[in-house]
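One structure below.
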Amino acid sequence: MRLAAENHIDLALALVVGAALLDGIDGRVARMMNATSKIGAELDSLADAINFGVVPALLLSITLMPGQDLGWAIVLVYCCAIILRLARFNTLSDDENAPGYTRDFFVGVPAPAAALIALGPLGLHQGLGDGWWSSFPMVAAWTLLAAFLAISRVPTSSLKATTKLSRRAVAPALVLFAAAAALLVTYPYTLMSIIIAAYLAHIPFAWWGRRWVAARPEHWDSLPAERRAHRRQTSRRRPIIAKSQARLGLRRPPSRPASPPDPR
């Protein structure tokens, strides 16, 4: 917040992004070092509430909604939504009877992703200057959207289910990584906008994937790669023409009986 007050918005956004990246590995590092504890989990939730709730809310209020009483109320709603999101995550994490596939999906948008989504208009403002994306109605509506996604029950994919790449995906992943590194150095806010758009675009696929596995108890404990392979196999077995005809309600015309030969 000190950087934002001193008009160093770029550094403030970089610290929020860095906190989001570190939040994705802190749990794994703690488990690798055998240093997990109950107090560590509570401190992690407290840090997430500050980094992804309080800090983005104050950044938006100071930069894009200064002196707006309604804007202050909106960022307060966002901050409360992030805290509720973290409380629900802790509650669901303690459920030992949940099916295995629930570990591959989040309920709602995680707090780091919600923070980056909420800061999207500020990133566009830093990269492109003033515009409709930095107007008060747009920023207010976008902040409320981020708050809604955080407390909603919309399923989103967990990185644990997507970090394992097949051999075919290694080369495209390296190309994407190189392109992202180039954009990070030259046009960081363009990269930020692309990541936000890609994340929002993946939500319908995550919803479909969770619905698919929830309807098939035999795949609840399967790995995500195994479920994807099964879906590919079943889709190949169904001919596309037959599915299209079934959707349209078309039927094959009855075959005509063979006509008797002409005696002439």
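The values are calculated or read from the model by the stated rules, or taken from the named source; none is laboratory data. Because the structure is a prediction, the values reported are computed rather than measured. Ideal geometry is used to build each Cβ from the backbone, glycine not excepted, and the neighbour counts take in all protein chains shown. All accessible areas refer to the heavy atoms of the entire protein, side chains included, with ligands and DNA or RNA removed. Shrake-Rupley method; radii C 1.70, N 1.55, O 1.52, S 1.80 Å.
Condition first: in contact (Cβ under 8 Å) with a residue 40 or more places away in the chain, over 30 Å from Leu183 (Cβ atoms) and either surrounded by fewer than 15 Cβ atoms within 10 Å (Cβ to Cβ) or under 18 Å from the mean Cα position of the chain (by Cα) (or both). Can you find one or more residues in region 119-139 that meet it?
Checked against the condition, which is being in contact (Cβ under 8 Å) with a residue 40 or more places away in the chain, over 30 Å from Leu183 (Cβ atoms) and either surrounded by fewer than 15 Cβ atoms within 10 Å (Cβ to Cβ) or under 18 Å from the mean Cα position of the chain (by Cα) (or both), region 119-139 yields no hits at all.
Just name the residue that is modelled with the highest pLDDT out of those in region 155-169 that are part of a helix (DSSP H, G or I) and open to solvent by less than 70 Å² (accessible area, probe 1.4 Å).
Ala169
Within region 74-89, is there a residue that is under 19 Å from Ser158 (Cβ atoms) and either among the small types (Gly, Ala, Ser) or loosely packed, with under 13 Cβ neighbours inside 10 Å (or both)?
Within region 74-89, one or more residues are under 19 Å from Ser158 (Cβ atoms) and either among the small types (Gly, Ala, Ser) or loosely packed, with under 13 Cβ neighbours inside 10 Å (or both).
Please tell me if Thr143 is of a type in the set (S, T, N, Q) and either within 26 Å of Asp69 (Cα to Cα) or in a helix (DSSP H, G or I) (or both).
Yes, satisfied.
Restricting region 96-118 to residues that are over 18 Å from Val75 (Cβ atoms) and outside any loop (DSSP other than H, G, I, E, B), which is most open to solvent (accessible area, probe 1.4 Å)?
If we take residues in region 96-118 being over 18 Å from Val75 (Cβ atoms) and outside any loop (DSSP other than H, G, I, E, B), then Arg103 is most open to solvent (accessible area, probe 1.4 Å).
In region 1-25, which residues are over 18 Å from Leu124 (Cα atoms), within 24 Å of the chain's Cα centre (by Cα) and surrounded by 15 or more Cβ atoms within 10 Å (Cβ to Cβ)?
Ala19, Ala20, Asp23 - these are the residues of region 1-25 that are over 18 Å from Leu124 (Cα atoms), within 24 Å of the chain's Cα centre (by Cα) and surrounded by 15 or more Cβ atoms within 10 Å (Cβ to Cβ).
Give Ser134, Ser152 a once-over and let me know the one that is of a type in the set (S, T, N, Q) and modelled with pLDDT of 90 or more.
Ser152
Looking at (1) open to solvent by 80 Å² or more (accessible area, probe 1.4 Å); (2) of a type outside the set (Gly, Ala, Ser); (3) over 18 Å from Trp142 (Cα atoms); (4) touching a residue at least 12 places away in the same chain (Cβ under 8 Å), can you tell me which one Asn51 breaks?
With respect to (1) open to solvent by 80 Å² or more (accessible area, probe 1.4 Å); (2) of a type outside the set (Gly, Ala, Ser); (3) over 18 Å from Trp142 (Cα atoms); (4) touching a residue at least 12 places away in the same chain (Cβ under 8 Å), Asn51 is out only on (1).
Output the residues belonging to region 171-187 that are closer than 17 Å to Leu13 by Cβ and either touching a residue at least 60 places away in the same chain (Cβ under 8 Å) or exposed (fewer than 15 other Cβ atoms within 10 Å of the Cβ) (or both).
Listed by number, the residues that qualify are Ala180, Leu184, Val185, Thr186, Tyr187.
Hey, could you check region 33-46 for residues that are of a type in the set (A, V, I, L, M) and surrounded by 10 or more Cβ atoms within 10 Å (Cβ to Cβ) and say which is modelled with the highest pLDDT?
For region 33-46, the residue satisfying everything is Leu46.
Just the residues that are in contact (Cβ under 8 Å) with a residue 40 or more places away in the chain and farther than 22 Å from Ile9 by Cβ, please, taken from region 21-47.
Within region 21-47, Gly24, Ala41, Ser45 qualify.
Answer yes or no as to whether Ala4 is of a type outside the set (Val, Ile, Thr), in contact (Cβ under 8 Å) with a residue 24 or more places away in the chain, over 15 Å from Leu86 (Cα atoms) and in a helix (DSSP H, G or I).
It is true that Ala4 is of a type outside the set (Val, Ile, Thr), in contact (Cβ under 8 Å) with a residue 24 or more places away in the chain, over 15 Å from Leu86 (Cα atoms) and in a helix (DSSP H, G or I).
Across region 196-227, what is the number of residues that are in a helix (DSSP H, G or I), of a type in the set (A, V, I, L, M, F, W, C), in contact (Cβ under 8 Å) with a residue 24 or more places away in the chain and open to solvent by less than 90 Å² (accessible area, probe 1.4 Å)?
7
State yes or no: is Gly67 on the phi > 0 side of the Ramachandran plot and at pLDDT below 90?
yes
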